[in-house]
Amino acid sequence: MPASRIYDHSLLPHGKTQQEVSLSVMTLLYQEMIQRLYKQSDSIEHFQSKLNDVGYRLGVNVLELLNYRASVPVSIISKAKDLGNTMSNSNTVITNNSTSNAPTTSSNASTLSNFIDEFNSLGKDIPRMKRRDLQIIDILQFIHGTVWSYLFGHVSSDLVKAQGNETEYRIIDNEPQWTQFISGARNQLHYESCNYMLCGVIQGFLKESGFPCDVSAHWQPSDEQPQRIVFLIQFHQQVVAREQLRYSRA
Amino acid sequence: MGIEAILIINKSGGLIYHRSFTSPQVDPSNPTITSTTKHTLNSNDLLILASTLHSVFAISSQITPKALQLSQSNINYTIPYHPYVGVANPQTTPKNNMPTKYGSFKGDDYFKEPFHNWNKSGLKQLSTDQFTMYIYQTMTGLKFVAISSSVLPSGTGSGENNNNAGANTVNINGSQYNMGSQIADNLLRKVYCVYSDYVMKDPFYSLEMPIKSDLFDDRVKSLIDHLL
Amino acid sequence: MIYSFWIFDRHCNCIFEREWTLANSNNTNAMGNGTINSKQNDEVGKLLYGMIFSLNSVTQKLSSSLSENQINNNIRSISTGKFRIHTMQTATGLWFILVTDFKQQNYSQVLQYIYSHIYVKYVVHNLLSPYDFALNPKEQRGQGIKRINNRHFINSLEAFLQPMLT
């Protein structure tokens, strides 16, 4: 497999198969990270900001990756899927034949090189990069849909605009995946703080795409969803002012 | 099989979790006062219970009969899987009443394969005149204890005792007796599954310390509720 | 399969012990396999009794929390991964203990029979047998006790348990 192919692989939306991480591994790692950061922190605010910083870096990376993925045309995705299947098939054929007879191996090798020529650079196949979202509602929709699907495999439970406050938006997750094993009822502040990593992801994502804001997590349990978390996004005044200047006439 | 209580004992013999499932009885003549005839064990008694069970574990391996030591007989330590112990059965429960996915619980059951019993030489079951206690031990030495209100069927017809009475009469119940133990192992292994989710993945839980998680409480409760 | 049989008196001393080691051997001689009242088993006996005694004291405590009527809550059987212990306590404080495998669940009738038809007949009704097996009434440490060496008792116990050995 040529190097470029490997690099491209992660850029393709659901390249070969949808990649999944074990929930147990993820949550164990997450709880270890929280424990470590918690021990290092002097106060709960300090802890929140540390966790926020970790998430921030992730948010920046997610912004790049998902915008790139959104730019890949649908035709390429389907082709890549076929290629992924045939690649894995031909791979098995080669390993089987290499021990028995040589001629079929060479024919397989030639078809393999065809694949490589056809598909050596993903960048060439993208006609136009996706423009970054400029409107508040667009970029929040992107987080609500694409980012959440990428991170958790489903869209977030809800996206709400605060009544009477232009700068406030809420993203709601009924069953937060990373913090689902942490009890909210026992210590509300601790539970909310544990969600600050995701706050960091949202903040990093928004800030790097030109929407400076503050994000905080709030525990608002309901009977069916005892772990329900609300991410409160407060955009800075300049963002709202810019939006009004740019779009209010349209 | 009614479960009276669930206990968890850590690897050094300390009681880290205790929950009783006998609902407080309401006195019909005076409903404002809940009956206290079933006075609960105080914490000291429970700690003694936990440490006694723990120390008996060490002893019981020492008293293995010589015949077993000599023959090294192949005892099968695999416990068969019994479907839907402690979870809703999809065949009998309406779709909308099925529990949602949570944590490691993805399908209709926590696990679906027979499993290995780590508890080879330690105490596994204790039967008395009033209750039966089942113990499931994990590889790391953690012990899950269930106290069940079911008792052994008592031997009847003692007047008919003759030389072969004992050998023939009570054989029939043998499989059922083992069944209870297997179901208890299945249940306690599920409690272990819940423990590994809601206790081990809680960043504010310190190892070997008492478990105080309401999420864990809820899940254990739901396991016991579905058992009845 | 029966592995061993024990009697403990009310001073916590082992007064009779019989262990079968090679139950499957062809040696049909009743005394041919295993040991009777062996000194080597002294330690095992102490551990066994200690385990039953401590578990019993715990279950006595538990019983008061689980049920209103104050009936005794004695241990009936203890299982480990490898073997099972069946117990019976008599009104005089004797413990009859049988260690077996898992095939059969309830040996209470067997224990009851041993007590009422063998122990009472050959030991209690025997005028020459001591009233108390401890040499000293205060003896509690396992020294200075007699064992049951009554030939008739051993023979009839052997004959009774022989069919259940394998």
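No lab work stands behind these numbers, since they all come straight from the coordinates. Since this is a predicted model, take the numbers as computed values, not measurements. Ideal geometry is used to build each Cβ from the backbone, glycine not excepted, and the neighbour counts take in all protein chains shown.
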For C:LYS146, B:LYS66, B:LYS124, what's the fewest-to-most ordering of other Cβ within 10 Å of each Cβ? C:LYS146, B:LYS66, B:LYS124
How large is ³J(HN,Hα) for each residue in the range A:139-150, as worked out from phi by the Karplus curve 6.51 cos²θ - 1.76 cosθ + 1.60 (θ = phi - 60°), to whole Hz, x for Gly and Pro? 6, 5, 4, 4, 5, 4, x, 5, 5, 4, 5, 5
Among B:THR22, A:THR27, A:THR179, B:THR140, rank each residue by its count of other Cβ atoms within 10 Å, from fewest to most, as a rough exposure measure. B:THR140, B:THR22, A:THR27, A:THR179
Would you please give the residues with an amide H less than 5 Å from that of C:ARG76, counting only those at least 5 places away or on a separate chain, with H modeled from the backbone geometry? B:SER127, B:THR128, B:ASP129
Where Lys and Arg each count +1 and Asp and Glu each count -1, what net charge lies around A:ILE139 among other residues with Cβ under 10 Å from its Cβ? -1
What list of ³J(HN,Hα) values in whole Hz, one per residue of the range C:109-119 in order, does the Karplus curve 6.51 cos²θ - 1.76 cosθ + 1.60 (θ = phi - 60°) give from phi, with Gly and Pro shown as x? 5, 4, 5, 4, 5, 4, 5, 7, 9, 10, 5
Listing C:GLU19, A:GLU175, C:GLU43 from the residue with the fewest other Cβ atoms within 10 Å to the one with the most, what is the order? C:GLU43, A:GLU175, C:GLU19
